[in-house]
Amino acid sequence: MNSNCKYTDEDVSGALSVLEDYIQSILSETSETRVDNTVNTQLREISKTIERLEKLQISVPESLLTEKSNLLSLIVQPSISIGLVNEIYTRLNVLIESITIILKHSNTGDRSKSRRSKLPMTKHQILRECIINALREYNGSADRNTIKDHVGEQLKDKFLPGDIEWREDWKCYVWQNRVCWELTDMRIAGILKPKRKTGIWELDDGYKGKG
C-alpha cells in the first residue's frame, strides 16, 4: 500500500460497510412502505366517514377511530432521500470506471508490455476524435458496437499495421479493444457523461456542438 495515502485498508473497508448498511436500510424501508391499495382505499373511506360524522356533529365511534389509527400505522412515510440515492448511483458509476482503469494497469503489468505489439498503431487522440464524431452522428449517444462500427468506417483506409492485429484473447482486433478502453478514459475525463443507461455512451453537453 502507498505509504503516502492517508487512508488505511480498514478506513476504506469501513466506509464500504457504512455504504452497504445504508443501501440495505433503504431496501428494507422501501419494502416496508409498500402498502396494498386496499389499505389506502379503506383509509380514505374511513376518513370520509369520520369527516361526515363530524360535520353532522355526531359522535365518532371509538371503533372507527381505532380502525383509522391501525390503518395509519401500516403506512410508514419514507425517509429516503432520492437525491442522495441518485448521487450515490452517479458517483459509484464514476468510481467503477476508475477502478476498471486501475485493474487494467495492475492486472496487465509488465506481462502485457512484453507481449504488446511493436507495430505502429493509431494514436489514441485520433481514436478519441473518431468516437466524438461517431456520437455526434447519433445525436450524442450510442451503444458500444455502433460506436465501434462508425469508428471503423472513419478509419477503414487509415488503419496502421498494429490496429488490425487479431487478438484471440480479446476475440477482436486491437483497434476495437482500444476504442472500448478509450470510451472508459473519456468518461473519466468528463468528455462522456456518467453512466445513466446500461450499454449507452453519451457525450457531455459541452462536447456535442464543438467542431
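What follows is calculated from the coordinates using simple rules that are stated; it is not laboratory data. None of the values given here were measured: they were computed from a predicted structure. Cβ sites come from the backbone with ideal geometry, for glycine too, and all protein chains shown count toward neighbours.
Each Cα pair of segment 118-168 feeds into the Kirkwood radius, which the Stokes-Einstein equation turns, at 25 °C and 0.890 mPa s, into a diffusion coefficient of 212 µm²/s. Taking the fewest neighbouring Cβ atoms within 10 Å as the starting point, the ordered list for Lys195, Lys6, Lys171 is Lys6, Lys171, Lys195.
Remark on Cys172: its backbone amide H falls under 5 Å from those of Arg167, a criterion applied only to residues 5 or more positions apart or on other chains, H modelled at 1.01 Å from N. As a quick test, which of the pairs Lys6/Lys123; Lys6/Lys208; Lys118/Lys156 have an alpha carbon distance above 29 angstrom in this structure? Over 29 Å Cα-Cα: Lys6/Lys123; Lys6/Lys208.
How big is the Kirkwood radius of segment 82-208, worked out from every pair of different alpha carbons and given in Å to one decimal? Mean inverse Cα-Cα distance, inverted, gives 15.7 Å.
Taking the number of other C-beta atoms within 10 Å as the exposure measure, put Glu153, Glu62 in order starting with the fewest.
Numbers: Glu153 12, Glu62 8.
Ordered by Cβ neighbours within 10 Å, fewest first: Glu62, Glu153.
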